[in-house]
1. Given the pairs Lys64/Lys129; Lys49/Lys82; Lys82/Lys129, which span a C-alpha to C-alpha distance of over 20 angstrom in this model?
2. Could you please report the charge total around Gln40, scoring K, R as +1 and D, E as -1 over all other residues with beta-carbon less than 9 angstrom from its beta-carbon?
3. Once amide H atoms are built 1.01 Å from N in the peptide plane, which residues 5 or more positions from Tyr117, or in another chain, come under 5 Å H to H?
4. Using the Cα centre as the reference, give the magnitude of the dipole from point charges on the C-beta atoms of the range 53-141 (Lys, Arg: +1; Asp, Glu: -1; all else neutral), rounded to the nearest 20 debye.
Amino acid sequence: MQWRETHRAFWRPSTPTAHRRSGPCMWAPRKVTVVTGASQDIIPQLKKKYDVDTLDMVFLDHWKDRYLPDTLLLEECGLLRKGTVLLADNVITPGAPNFLAHVRGSGRFECTHFSSYMEYTQVVDGLEKAVYMGPGSPEQP
């Protein structure tokens, strides 16, 4: 992935202030716009209000029951392009079964699952990498 002139970080309101203040600067040497709010309110505004064409990568690590609705909203708003990577944390525990069923069964994503454990425990969890292949991708077997 190539760096672009402007990078954006979208934080949920509950993200600790110190992390919001220091986190993006560690990986984005250029301008960072921090946007807080509910994902269902922010996603539809990204193109017009924040001049986002498409997204290269989306890290899903918020309310697990929002993974699927937010993924569908990203698709509906035209923010995903062929090759966009969705990286979803904690898909096993506490779990995001509807999200997994969609990305694995829709035919629009190529998925890879990475087994892991919940932080500081031996509880099985996982991370799902879903690469968007486009709206007209053939059905997966």
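1. On the way: Lys64/Lys129 15 Å; Lys49/Lys82 23 Å; Lys82/Lys129 14 Å.
Pairs exceeding 20 Å: Lys49/Lys82.
2. Details: positive: Arg66; negative: Asp41, Asp70.
Summing Lys/Arg as +1 and Asp/Glu as -1 gives -1.
3. Under 5 Å from the amide H of Tyr117: Asp125.
4. Details: 7 positive and 13 negative charges, 41 e Å.
Computed charge dipole of the range 53-141: roughly 200 debye.
Only the coordinates and a few stated rules stand behind these numbers; no lab work does. Quantities reported herein were computed from a predicted structural model and do not represent experimental measurements. Heads up, the Cβs are rebuilt from the backbone with ideal geometry, glycines too, and the neighbour counts pull from every protein chain shown.
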